[in-house]
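> Just dropping this structure here.
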Amino acid sequence: MISDKMQKALNDQLREEYFSSYLYLSMAAYFHSRNLDGFANWMMKQSDEEKGHAMKFYEYINEQQGKVVLGALEKPQTDWASPLAAFQDAYKHEQKITGLIHNLTDMAMAEKDHATHIFLHWFVEEQVEEESNVSKVVEMLKMVNDHPQGLLMLDRALGERK
Ligand code: FEO
């Protein structure tokens, strides 16, 4: 069993993960519109991963005999000034998600909710990887500095993400 307060917090996080999926899909659409299909592929895969994160919360709430309650998703941004601007926003977004996961973990500890605390471990570790992956692309884009040749090479590399 989880507390009502924890159930609400987990449902809020489920929505945040779904919004992440929606935001990255919006970034994929931006890249597709610029014919940068490799960048778009990377974002589509990221969007799929985020839906997977949302579903982990869905399954956990159910396993704890709680009730999943889906909230409204806000409209994501649809345009960016450059590929770098989009990835910088993705990085900022991941930092925000890391903060939310840490708040949830703090709540689980305060409630002595050991099961939820253990469930959240995976997300704490995942966020380290998520921030690192996005930050690497940000750094590569800074190196490319909008040079078409470098951008196309990076596009090819990101197109290989499975
Ligand atoms: Fe599910 Fe990228 O955080």
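> Which of the following residues is crowded, with 19+ Cβ neighbours inside 10 Å and either farther than 27 Å from F119 by Cβ or in contact with a Cys (Cβ under 6 Å, 6 or more places away or on another chain) (or both): F39, F19? Spell out the reasoning first.
Details: F19 fails: either farther than 27 Å from F119 by Cβ or in contact with a Cys (Cβ under 6 Å, 6 or more places away or on another chain) (or both).
On inspection, the qualifying residue turns out to be F39.
> Would you check if there is a residue in the range 78-98 being basic (K, R) and under 14 Å from Q13 (Cα atoms)? Steps first, answer last, please.
The initial filter retains those residues of the range 78-98 that are basic (K, R), namely 92, 96.
Keeping just the survivors that are under 14 Å from Q13 (Cα atoms) gives 96.
Within the range 78-98 (the criterion being basic (K, R) and under 14 Å from Q13 (Cα atoms)), the answer is yes, since at least one residue qualifies.
> Restricting to the range 110-133, name every residue that is aliphatic (A, V, I, L, M) and either more than 16 Å from the ligand (Cβ to nearest atom) or under 11 Å from the mean Cα position of the chain (by Cα) (or both). I'd like the intermediate steps shown before the answer.
So in the range 110-133, the residues aliphatic (A, V, I, L, M) come out as 110, 115, 118, 120, 124, 128.
Scanning the range 110-133 gives A110, A115, I118.
> Shifting gears a bit: Got a number for residues in the range 1-44 being more than 22 Å from V124 (Cβ to Cβ) and not hydroxyl-bearing (S, T, Y)?
The number of residues fulfilling the criteria is 19.
> In the set E130, E50, E139, which member is surrounded by fewer than 18 Cβ atoms within 10 Å (Cβ to Cβ) and out of contact with any Lys or Arg (no Cβ under 6 Å at 6 or more places or on another chain)?
Details: E130 fails: surrounded by fewer than 18 Cβ atoms within 10 Å (Cβ to Cβ); E50 fails: surrounded by fewer than 18 Cβ atoms within 10 Å (Cβ to Cβ).
Of E130, E50, E139, the one residue that is surrounded by fewer than 18 Cβ atoms within 10 Å (Cβ to Cβ) and out of contact with any Lys or Arg (no Cβ under 6 Å at 6 or more places or on another chain) is E139.
> Another question, then. Give all pairs with beta carbons closer than 7 Å in which a residue from the range 37-58 that is farther than 17 Å from G159 by Cβ meets a residue that is among the aliphatic types (A, V, I, L, M); count only pairs at least 6 apart in sequence or on separate chains.
Close Cβ pairs (under 7 Å, with a partner that is among the aliphatic types (A, V, I, L, M)) amount to A54/L14; F57/L10; F57/L14; Y58/L14; Y58/V68.
> Okay, moving on. Filter the range 73-109 for residues that are without any contact (Cβ under 8 Å) to a residue 24 or more places away in the chain and assigned to a loop (DSSP other than H, G, I, E, B); which is farthest from the ligand (Cβ to nearest atom)?
Going through the qualifying residues, I end up with A81.
> Sort out which residues of the range 110-145 are under 18 Å from K5 (Cβ atoms) and free of Cβ contacts under 8 Å to residues at least 40 places away in the same chain, and write them in order of number. Break it down stepwise before answering.
So in the range 110-145, the residues under 18 Å from K5 (Cβ atoms) come out as 110-117, 119-120.
If the condition is that a residue be under 18 Å from K5 (Cβ atoms) and free of Cβ contacts under 8 Å to residues at least 40 places away in the same chain, then A110, K112, H114, H117, L120 are the ones that fit.
> Still on this structure: Mind checking whether some residue in the range 4-22 is at negative phi and not in a helix (DSSP H, G or I)?
Step one: filter the range 4-22 for residues at negative phi, giving 4-22.
Narrowing further to those that are not in a helix (DSSP H, G or I): none.
Within the range 4-22, not a single residue is at negative phi and not in a helix (DSSP H, G or I).
> Could you tell me whether the range 51-65 includes any residue that is modelled with pLDDT of 95 or more, more than 26 Å from M140 (Cα to Cα) and either in contact with a His (Cβ under 8 Å, 6 or more places away or on another chain) or not in a helix (DSSP H, G or I) (or both)?
Yes: one or more hits.
> Let me ask you something else. Residues of the range 31-63 being within 12 Å of the ligand (Cβ to nearest atom), in contact with a Phe, Trp or Tyr (Cβ under 7 Å, 6 or more places away or on another chain) and of a type in the set (A, V, I, L, M), which ones?
M43, A54
The values are calculated or read from the model by the stated rules, or taken from the named source; none is laboratory data. Keep in mind the model is a prediction, meaning the values are calculated, not measured. Glycine gets a Cβ as well: all are built from the backbone with ideal geometry, and neighbour counts include every protein chain shown.
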